[in-house]
Amino acid sequence: MTRYVLLACCLLLANAAHADNYAQREEVQAFIAAMQTRHGLDAERLAALFQNTRPLPAVLKAIAPPADPGMRSWTAYRQRFIEPRRSRAGLDFWRQHQATLARAEAHFGVPAEIIVAIIGIETFYGRQLGRFGSFAALATLAFDYPPRADLFRRELEALLLLARDEGRAPDSYMGSFAGAIGLPQFLPSSIRAYAVDFDGNGRIDLTASPADAIGSAANFLREHGWESGGPIALKVGAGGTAQPLIDAGILPQRRPREMADFGVEIPADAPDAPAALIDLVTPAAPTEYWLGYQNFYVITRYNRSSFYAMTVMQFAQTLRERYLGYTARSGFQ
């Protein structure tokens, strides 16, 4: 099935669903029954919630794969995020929350610049938190987007449990088209598993509390295997004989000296630790090749894209340079 046909089918499903409401659909009724059985949630309240929920065609349009995936460009992707306005905002965020960032780095072992970079890429430091009701967005994806319905039904379940945990109405949350919430854009399951009360006020609020967002992003990375002080990625040279390494994926499995047997040009200062060979492709330009170490892989657990992980690393480097320049000018230690 082509991407054009897939999008058309999804939109047709959404349009058909407008004829009634979610509460009248058999798969939704089965979901409600499962929530009552597994978690003791009130079936009548859930039915009323779904009764007032309609599919969001804009969500299906936003999540649809690109029409031409061959046009993905590392250079274009990088330029979207590593640019002057976002860099200035990142420095301002770091300056404003430097004590909290330092505390998070000491506690979780994740460098402050990585945390600042992630929050900047995810939401431009709170400027772009998302405009969709999280319940309606997740319901749309759970019941009208077949390719990933199972994932989003799990996230819809997690949102209902999160709402119960926090004493909130399930339809009171706002976020991205995919149901991600707050400054660090956590899905509901990640909020329940990794979010922390880092400001110590007795509640977790990833939207209104930068401290909670900072601590939660750092905790997520630590829990996924961040190695304090470990390398992230190193640029190398490679050619066609290295394709088997690329095909092996991004999980770090081979040491650099093993990759040399595949024609990879390894710098003398390359850390001797398991890595993966990462290719960053730009149409009509030479492909960049990098060794992706454990910490690179951990960043891809946040967003499963090599483009994303490399942008986080390089944006973090830019932010650190700006922050060190600021501290040198101000005399701050």
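Summary of values
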| read-out | value |
| --- | --- |
| Residues being in contact with a Ser or Thr (Cβ under 6 Å, 6 or more places away or on another chain) and either of a type in the set (Gly, Ala, Ser) or within 25 Å of Arg222 (Cβ to Cβ) (or both) - total across the range 255-296 | 2 |
| One residue from Leu91, Leu41, Leu12 being surrounded by 11 or more Cβ atoms within 10 Å (Cβ to Cβ), over 27 Å from the mean Cα position of the chain (by Cα) and either at pLDDT below 95 or part of a helix (DSSP H, G or I) (or both) | Leu12 |
| Residue match in the range 136-143 (condition: in contact with a strand residue (DSSP E or B) (Cβ under 8 Å, 6 or more places away or on another chain), in a helix (DSSP H, G or I) and in contact (Cβ under 8 Å) with a residue 60 or more places away in the chain) | yes |
| Close pairs (8 angstrom Cβ cut-off, 6 or more residues apart or separate chains): over 18 Å from Pro188 (Cα atoms) in the range 299-311, surrounded by fewer than 20 Cβ atoms within 10 Å (Cβ to Cβ) and at pLDDT below 95 anywhere | Phe307/Arg72 |
| Odd one out for Ile114 among (1) aliphatic (A, V, I, L, M); (2) over 29 Å from Ala233 (Cβ atoms); (3) under 18 Å from the mean Cα position of the chain (by Cα) | (2) |
| Failed condition for Arg329, given (1) loosely packed, with under 14 Cβ neighbours inside 10 Å; (2) in contact with a helix residue (DSSP H, G or I) (Cβ under 6 Å, 6 or more places away or on another chain) | (2) |
| Verdict on Arg154 being under 22 Å from His224 (Cβ atoms) and either at pLDDT 95 or above or out of contact with any Gly (no Cβ under 9 Å at 6 or more places or on another chain) (or both) | yes |
| Set Asp165, Asp171: member being in contact with a strand residue (DSSP E or B) (Cβ under 7 Å, 6 or more places away or on another chain), of a type outside the set (Gly, Ala, Ser) and part of a helix (DSSP H, G or I) | Asp171 |
| Which listed residue, of Phe198, Phe132, is more than 23 Å from Arg304 (Cα to Cα) and either buried (at least 16 other Cβ atoms within 10 Å of the Cβ) or among the β-branched types (Val, Ile, Thr) (or both) | Phe198 |
| Test: residue in the range 219-242 that is of a type in the set (Gly, Ala, Ser), closer than 28 Å to Pro55 by Cα, over 15 Å from the mean Cα position of the chain (by Cα) and in a helix (DSSP H, G or I) | no |
| So Arg320, is it surrounded by 14 or more Cβ atoms within 10 Å (Cβ to Cβ), under 24 Å from Thr241 (Cβ atoms), modelled with pLDDT of 95 or more and charged (D, E, K, R) | no |
| Boolean, Tyr289 is in contact (Cβ under 8 Å) with a residue 60 or more places away in the chain and either surrounded by 19 or more Cβ atoms within 10 Å (Cβ to Cβ) or among the charged types (D, E, K, R) (or both) | no |
| Failed item in (1) more than 28 Å from the chain's Cα centre (by Cα); (2) surrounded by 14 or more Cβ atoms within 10 Å (Cβ to Cβ); (3) modelled with pLDDT of 95 or more, with Ala23 passing the rest | (3) |
| Close pairs (6 angstrom Cβ cut-off, 6 or more residues apart or separate chains): in contact (Cβ under 8 Å) with a residue 40 or more places away in the chain in the range 25-43, surrounded by 15 or more Cβ atoms within 10 Å (Cβ to Cβ) and not in a helix (DSSP H, G or I) anywhere | Met35/Leu41 |
| Qualifying residue in the range 269-280 (condition: closer than 30 Å to Arg88 by Cβ and modelled with pLDDT of 95 or more) | yes |
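The values are calculated or read from the model by the stated rules, or taken from the named source; none is laboratory data. Everything numeric here is computed off the predicted structure, so don't read it as measured data. A quick note on method: Cβ atoms are made from the backbone with ideal geometry, for glycine too, and the neighbour counts reach across all protein chains shown.
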